[in-house]
1. Can you find a residue that is free of Cβ contacts under 8 Å to residues at least 12 places away in the same chain and not in a helix (DSSP H, G or I) anywhere in region 17-30?
2. Counting only residues that are farther than 20 Å from residue 8 by Cβ and surrounded by 13 or more Cβ atoms within 10 Å (Cβ to Cβ), which one in region 99-125 is nearest to the chain's Cα centre (by Cα)?
3. With respect to residue 115, is the statement that it is in contact with a strand residue (DSSP E or B) (Cβ under 7 Å, 6 or more places away or on another chain) and not in a loop (DSSP other than H, G, I, E, B) true?
4. Looking at the structure I just gave you, is residue 64 in contact with a strand residue (DSSP E or B) (Cβ under 9 Å, 6 or more places away or on another chain), farther than 27 Å from residue 170 by Cα and surrounded by 14 or more Cβ atoms within 10 Å (Cβ to Cβ)?
5. Please tell me if residue 58 is farther than 30 Å from residue 143 by Cβ and modelled with pLDDT of 95 or more.
6. Could you check how many residues of region 68-107 are outside any loop (DSSP other than H, G, I, E, B) and either over 21 Å from residue 53 (Cα atoms) or without any contact (Cβ under 8 Å) to a residue 60 or more places away in the chain (or both)?
7. Read through the list (1) in contact with a helix residue (DSSP H, G or I) (Cβ under 7 Å, 6 or more places away or on another chain); (2) surrounded by fewer than 17 Cβ atoms within 10 Å (Cβ to Cβ); (3) at pLDDT 95 or above, then give the number of the only condition that residue 159 fails.
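The values are calculated or read from the model by the stated rules, or taken from the named source; none is laboratory data. Note that the structure is a prediction, hence the values are computed from the model and not measured. We place every Cβ from the backbone using ideal geometry, glycine too, and count neighbours over all the protein chains shown.
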């Protein structure tokens, strides 16, 4: 809320708890007693999207997608959830670039609260969840992504630069298996030559490396 106050923009806090309970109880009988998993986590994200789109439709707004290039590259986002929007404003900036840009914005005065920049990244869909539960730390991830996507270097070339082979292979696997998500993402505000959709066109099912 501090950032909202800093920017002087209106805000609302909308609870998804009641809707979450209703939806989970609606589908639970069909799940054969299976324990909660990413399915229920994604329900939360998709409910947020439904509410945001309702505001957009009713009040004439546009939902801005805030997925960054690191998340889009690896498929770390919920389709029809936090990946919705009319325009992706951070989709061509890697996570480490976003932090760097934020610090530049704060150079003269603190607009973005320091707590946002020091808090470990999390999707906040379950207790104590961190991005590093699913991804390598962004400081290790982003250099591999940049070399593979922007510089179009092969796995062997990247490994030859001294990067861990297991890390490189895992990152490339994530990129390859999440192309279908990027095909359904909003248009990206392009700042590089390899922005997704306009700068990097890859078939969904083709074998490529």
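1. no
2. Among them, the one singled out is 123.
3. For residue 115, the condition - in contact with a strand residue (DSSP E or B) (Cβ under 7 Å, 6 or more places away or on another chain) and not in a loop (DSSP other than H, G, I, E, B) - is not met.
4. yes
5. So residue 58 fits the description; yes.
6. Counting residues in region 68-107 that are outside any loop (DSSP other than H, G, I, E, B) and either over 21 Å from residue 53 (Cα atoms) or without any contact (Cβ under 8 Å) to a residue 60 or more places away in the chain (or both) gives 16.
7. Of the numbered conditions (1) in contact with a helix residue (DSSP H, G or I) (Cβ under 7 Å, 6 or more places away or on another chain); (2) surrounded by fewer than 17 Cβ atoms within 10 Å (Cβ to Cβ); (3) at pLDDT 95 or above, the odd one out for residue 159 is (2).
Residue-by-condition table, conditions (1) surrounded by 15 or more Cβ atoms within 10 Å (Cβ to Cβ); (2) at pLDDT 95 or above; (3) part of a helix (DSSP H, G or I):
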residue	(1), (2), (3)
127	no, no, no
139	no, yes, yes
142	yes, yes, yes
173	no, yes, yes
194	yes, no, no
